[in-house]
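Comments concern the structure below.
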Amino acid sequence: MFGLLALITAAFFSGAAIYINVAEQPARLVLDDRSQLAEWKPSYKRGFAMQASLAVIGLLLGLIAWWQTGVIAFLVGGSLMIANWPWTLVAMMSTNNKLHNTDLKDAGPASRMLVEKWGGLHAVRSALGLAATFAFLIACSSASP
């Protein structure tokens with residue numbers, strides 16, 4: 001049961017992350033600099049809250065499933081889910097902070113470059129979510145009676 005919940009959590013995380021990269025970010029990039037930054041700020045705040053929570057829940061469910069079954073792929077999946085936290089804190093946070101601290105009246109080529117950079121960094125979050133989803137899928141297949 002916990003393994004399936006971990007799989008569902010990872011799939012939700014991945015779906016949200018991929019949506020950001022394939023739909024939201026490209027739509028944002030066609031906006032003028034000020035509108036782009038104005039859209040990014042509240043979008044990031046909402047996405048961060050959701051994805052951060054899902055990463056922790058995915059880790060916990062993966063750990064419980066691993067503890068119950070001994071299937072190492074549950075541990076791998078949980079580790080991949082929580083890897084989003086250090087990636088965000090180490091690799092993305094300076095870009096996030098620069099964007100958050102940029103006043104809308106100061107939006108321009110520099111903020112556009114930061115939003116574009118952010119999209120590439122966020123793609124790693126999508127990849128981590130997908131890898132976790134596949135790890136949980138393999139684990140669920142291995143743990144099935």
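The values are calculated or read from the model by the stated rules, or taken from the named source; none is laboratory data. Keep in mind that what you see is a predicted model, and the values were worked out from it rather than measured. No Cβ is skipped: glycine too gets one built from the backbone with ideal geometry, and neighbour counts run over all protein chains shown.
Restricting attention to the range 127-140, the residues that are of a type outside the set (Phe, Trp, Tyr) and crowded, with 20+ Cβ neighbours inside 10 Å total 6. Looking at the range 57-78 only, could you name the residues that are surrounded by fewer than 16 Cβ atoms within 10 Å (Cβ to Cβ) and at pLDDT 95 or above? Once the filter is applied, which keeps residues that are surrounded by fewer than 16 Cβ atoms within 10 Å (Cβ to Cβ) and at pLDDT 95 or above, the range 57-78 yields Trp67, Ile72. For the range 79-94, filtering for residues that are closer than 18 Å to Ala49 by Cβ, among the β-branched types (Val, Ile, Thr) and modelled with pLDDT under 95 leaves 1.
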